[in-house]
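Novice: Dropping a structure here in C-alpha cells format, bear with me for questions.
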Amino acid sequence: MRLKYSKYLIVTILYFGLLLTNTAMAQDNKSTTDRKWWKEAVVYQIYPRSFKDSNGDGVGDLKGIIQKLDYIKSLGVDVVWLNPIYGSPNADNGYDISDYQAIMKEFGTMEDFDTLLKGMHERGLKLVMDLVVNHSSDEHKWFQESRKSRDNPYRDYYHWWPAEKGKPAFRPGSFEADGSGWRYDKQTDSYYLHYFNFKQPDLNWENPKLREEIYSMMNWWFKKGIDGFRMDVIPFISKDTSFPVITQEELNKNYLGRWDVYFASGPHLHEYLQEMNREVLSKYDIMSLAEGAGMLTSTALNFVDEDRKELNMGYHFEGTNLGYIPGYFKKMGPYSLVDFKKIYSDWDKVYENKGWGTIYLGNHDQPRMTSRWGNDAPEFRAVSSKLLTTFLLSMRGTPYYYNGDEIGMVNAKFDSIDEYRDIETLAEYERLKLAGGDLKQFIEDQKTGGARDNGRTPFQWNSSENGGFTSGTPWLKVNDNHVTINAEAQENDPNSVLNYFRKMTHLRKTNPILVYGKYTLLDKDNPDVYAYTRELDGKMVLVLLNFSSKNATANTGLYSKKGKVLIDNYGKPSTNGELRPYEAVIYQIED
Ligand code: NOJ
C-alpha cells in the first residue's frame, strides 16, 4: 500500500517537474522568437573602397554609394554595414583610425555622410558603422601624445612596457613579418602593444578615461542617427596588464592552443561591455554585433544573452576557418560537408533558447564565398552561388551578405605578389621570404585560399573598362571576368544570380518561419547534401542543398510529404528525388 502511494507521489512529482521544465523552456524559447527588427533583417555589407568610385581617383567613396542606393534597396536588404570610413592613414584600409569623428578624405566629407544616411533612411534602409576600438592608428592624436613622454596625460591610453624591465613576454602581432605584437619606441625607451600591425597600437581599456572617450564618441554617432555598430575584434579589448608569460602548455591547456581565445579572455571584458551597454547602447533602438574573434560555442552567450545586457549578436570564425591546413598561412584544403554541417548546427544550438546568432560565408577578410564554399568553374559558378545564397537566407540567425556575392563574384586569383595590396598577405609573404619558404607555392595557395584581396576586388557593375567601378586607375585590380560577370548583365535576366538573391530576400521577408523557425538537421552523415527543416507555429519547411558537383540524394524521411516548392535554383526541381549538382530547393511540408 505504502509502496503504491509512494509510486503515485513519484509520478506526480515527475509530472509537475516536467510541466515546470516545459514552461521554463517555453518561456526561454520566447526570448528566441521574440520579434526584433535586427533579427528579421538581411544585412548587406559594403566595402566602401571597392564599391563605386564617383570622382575617378580609383577609390570607392560615399558619393559612389549614394549613386547606388536604389540598387541596394532593390536587393530587398534592410541594413547596410559599412567597413570603416573614418579618418585613417590606411595601413589596414581604415582599420587604423586616426580620427573617429571625421570621414576619410578619399571617401568624402561629413556632408556626404549626412546625405548618405538621409538617403538610406528615406528608403527604409538602416546604417550600421564599424567600430574599431581595440586599437587606433599610431597617427591618432592620442597616440602621438602618448608616445611623447612617460608622464604625458595620454600615456595610459595605450599599453606600454618600459625597456628597463627587459623584453615584454611574447604576444603575437598579426600583419607583422616578425610576428611580434610589441614594438620598441625609442622616444621613451619603451615597447607598446599591438595585436595587429605596429601602426595599430592597442588602446588601454583598463583606463576609465579612455572608456569614457569611446562612449562619448559612440553616443555622438548615435545622435547623428546611425542604427548600430559592428564591433571589430571587440572580445580583445580587456587585457591582463601585468602581461604574464603565457607558455605553449598553458595556451594548449586553457585556450585550445589559440591566441585569439586567450585574447578574448581578458579579465574585465564583460564588465566593459555591460558598461558600454549602460552608457550607450541601451539608450537607442539600435543593433550591436561583435566580430566574435576567439568566441566559442561555450562563451558566445556571455556576449549575447539578453539578460546580461551586453550585445545583440556575434559572428564566429569556426565556419570560415574550416578547411585551412594547419601550419600554413590560410592555405585551403578540401573540407568535409559533414564537419561544415556540424559547425553550423552546433552554433544554432547555442541560441536555441537564448540570445541570437548570425550567419555569413564571406566578408572583406575572406575569399569569395563561391570560390571557397561553392565552385567557381564556369559550369557551376552561378548555380553554386545560388545554393550558398539559399543556405545563408534559410538559416536561423541574421544573415550578413557581402557585396558582390549577389552577382556571384569570384576570387581575384592574382599571379604575382605585386598585385596584392593587403597588409596581411604582404606581411605573410615577407615572413615566408625571410624563412626561405616556397614563394611560388604561396601565390598558388592564395588563389584558392584566404588572401583578403580575393574578396576586395572592385564591384563589377558592367562590362566596360574596370567594370564601371572607376574612370581612373583602380586601387586594386578589377577581376578580368567583369566582362561576363557583372550587375548590368544580370539585371534583366530572370534566372541570374542577382535576381535569385532578390527572390531569396523576398522569401525570407515573407516567411517568418525562415527567420524564427526551429532548425533541425537531417541525414547528418550525408557527405554531399545539407538537409534541414525549419518549424514554426505548426508549419514546416524542408531545405535541401546539394553541395557537390554530382547528383546526390538526401535521406530525410520527408519525401512523400514534400509540398509546394518555395524556391529552386534550377527553376524546377527534378521529380525523381535526386538533386542535381549544387541544386538547392526549399519545400513546404504537408501533413
Ligand atoms: C578585423 C577586421 O575585419 C580586419 O579587416 C582588420 O584587419 C582587423 N580586425 C584589425 O582591425
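The values are calculated or read from the model by the stated rules, or taken from the named source; none is laboratory data. Bear in mind that the values here come from a model prediction, so they are computed numbers and not experimental data. Note: ideal-geometry Cβ built from the backbone for every residue, glycine included; neighbour counts use all protein chains shown. The accessibility values were calculated without ligands, DNA or RNA, using every heavy atom of the protein model including side chains. Shrake-Rupley method; radii C 1.70, N 1.55, O 1.52, S 1.80 Å.
Novice: Efficiency by 1/(1 + (r/R0)^6): what FRET value for Ala435 and Asn499, r their Cβ-Cβ distance, R0 = 41 Å, to the nearest 0.05?
Specialist: Once rounded, the FRET efficiency stands at 0.30.
Novice: Output the antiparallel fraction of DSSP beta bridges having both residues in segment 184-320, as a percent to the nearest 5.
Specialist: 20 percent
Novice: Distances over 18 Å make up what percent of all Cα-Cα pairs in segment 170-252?
Specialist: For segment 170-252, the share of Cα pairs beyond 18 Å comes to 57 percent.
Novice: Students often check this: by mean Cβ neighbours within 10 Å, which of 329-340, 308-319 ranks highest, and how do the rest follow?
Specialist: With the highest mean Cβ count within 10 Å placed first, the list reads 308-319, 329-340.
Novice: What is the distance in Å between the Cα centres of segment 433-462 and segment 138-206?
Specialist: One Cα centre to the other: 30 Å.
Novice: Still on this model: So, by mean Cβ neighbours within 10 angstrom, what's the order for 556-568, 169-181, 190-202 with the highest one leading?
Specialist: Going from most to least packed, we get 190-202, 169-181, 556-568.
Novice: Using modelled backbone amide H atoms (1.01 Å from N, in-plane), which distant-in-sequence or interchain residues come within less than 5 Å of His194's amide H?
Specialist: Trp182, Arg183, Asp202
Novice: Using all alpha carbons of segment 365-504, what is the percent of pairwise distances in each 5 Å bin, ordered from the shortest bin to the longest?
Specialist: Distribution as computed: 2, 10, 18, 20, 18, 14, 9, 5, 2, 1, 0 percent.
Novice: Which net charge results for the neighbourhood of Val338, defined as the other residues with beta-carbon distances under 12 angstrom from its beta-carbon, given Lys and Arg at +1 and Asp and Glu at -1?
Specialist: -1
Novice: Please state the charge dipole magnitude for segment 141-193, taken about the Cα centre, from unit charges on C-beta atoms (+1 on K and R, -1 on D and E), reported in debye and rounded to the nearest 20.
Specialist: So the dipole magnitude of segment 141-193 works out to roughly 60 debye.
Novice: What distance in nm separates the simple spin-label points at Leu251 and Ser298, each placed 7 Å from Cα in the Cβ direction?
Specialist: 1.9 nm
Novice: Follow-up question, since we're still on this one. Over the chain, with the other protein chains present, what is the accessible area per residue in square angstrom, probe 1.4 angstrom?
Specialist: 42 Å²
Novice: Counting residues in segment 518-591 as N, plug N into 2.2 N^0.38 Å and put the Cα Rg over that result.
Specialist: Segment 518-591 yields a ratio of 1.01.
Novice: Rounded to whole Hz and in sequence order, give me ³J(HN,Hα) for segment 339-347 from the Karplus expression 6.51 cos²θ - 1.76 cosθ + 1.60, θ = phi - 60°, writing x for Gly and Pro.
Specialist: 5, 4, 5, 5, 4, 5, 6, 4, 6
Novice: Another one. If you find the alpha carbon centre of segment 371-415 and of segment 544-591, how far apart are they in angstrom?
Specialist: Spelled out, the Cα-based centre of one part sits 19 Å from the other.
Novice: What order do you get for 570-583, 511-524 when each peptide is scored by the mean count of other beta carbon atoms within 10 Å, highest first?
Specialist: Those peptides, ordered most packed to least, come out 511-524, 570-583.
Novice: Let me ask something else. Over the chain, with every protein chain in place, what whole percent of the accessible area is carbon and sulfur at 1.4 Å, could you tell me?
Specialist: About 52 percent, which is the carbon plus sulfur part of the accessible surface.
Novice: Using amide H atoms built in the peptide plane, which far-off residues or other-chain residues are under 5 Å from Val80 H to H?
Specialist: It is Tyr44, Lys126, Leu127, Val128, by chain and number.
Novice: List the GluC sites (Glu not before Pro) within segment 382-468 that DSSP assigns to loop and that have no more than 14 neighbouring Cβ atoms inside 10 Å.
Specialist: When the GluC sites (Glu not before Pro) of segment 382-468 are filtered for loop state and at most 14 Cβ neighbours within 10 Å, nothing remains.
Novice: Taking a temperature of 37 °C and a viscosity of 0.692 mPa s, what whole-number D in µm²/s does Stokes-Einstein yield for the chain with Rh from Kirkwood over alpha carbon pairs?
Specialist: 129 µm²/s
Novice: While we're looking at this one, here's another question. What is the local net charge at Ala91, summed over the other residues whose Cβ is closer than 10 Å to its Cβ (Lys, Arg +1; Asp, Glu -1)?
Specialist: Net of charged neighbours comes to -3.
Novice: Ok, one more. Long-range amide H contacts for Met287: which residues qualify at under 5 Å (H placed 1.01 Å from N, peptide plane, sequence gap of 5 or more or a different chain)?
Specialist: HN-HN under 5 Å from Met287: Gly228, Phe229.
Novice: Let me ask you something else. So what are the ³J(HN,Hα) numbers for segment 400-405, from phi and the Karplus equation (6.51, -1.76, 1.60; θ = phi - 60°), rounded to whole Hz, Gly and Pro as x?
Specialist: Result, rounded to whole Hz: 10, 10, 8, 3, x, 5.
Novice: Could you order His268, His135 by accessible surface area, starting with the largest, using a probe radius of 1.4 Å?
Specialist: His268, His135
Novice: Over segment 426-551, with a single point scatterer placed on each C-alpha, what log10 of the ratio I(q)/I(0) does the Debye formula yield at q = 0.15, 0.18 1/Å?
Specialist: -1.01, -1.06
Novice: Same structure, new question: So how do Lys342, Lys509, Lys105, Lys52 rank on accessible area, 1.4 Å probe, biggest first, that is with the largest at the start?
Specialist: Largest accessible area first, the residues go Lys105, Lys342, Lys509, Lys52.
Novice: Can you give the FRET efficiency to the nearest 0.05 for Asp34 and Glu111, using r as the Cβ-Cβ distance and R₀ = 45 Å?
Specialist: 0.70
Novice: Along each of its three principal axes, how wide is the spread of alpha-carbon positions in segment 143-184, in whole angstrom units, largest first?
Specialist: The Cα atoms of segment 143-184 stretch 31, 23, 12 Å along their principal axes.
Novice: In whole Hz, with x marking every Gly and Pro, tabulate ³J(HN,Hα) for segment 465-472 from phi via Karplus 6.51 cos²θ - 1.76 cosθ + 1.60, θ = phi - 60°.
Specialist: 4, 6, x, x, 6, 8, 8, x
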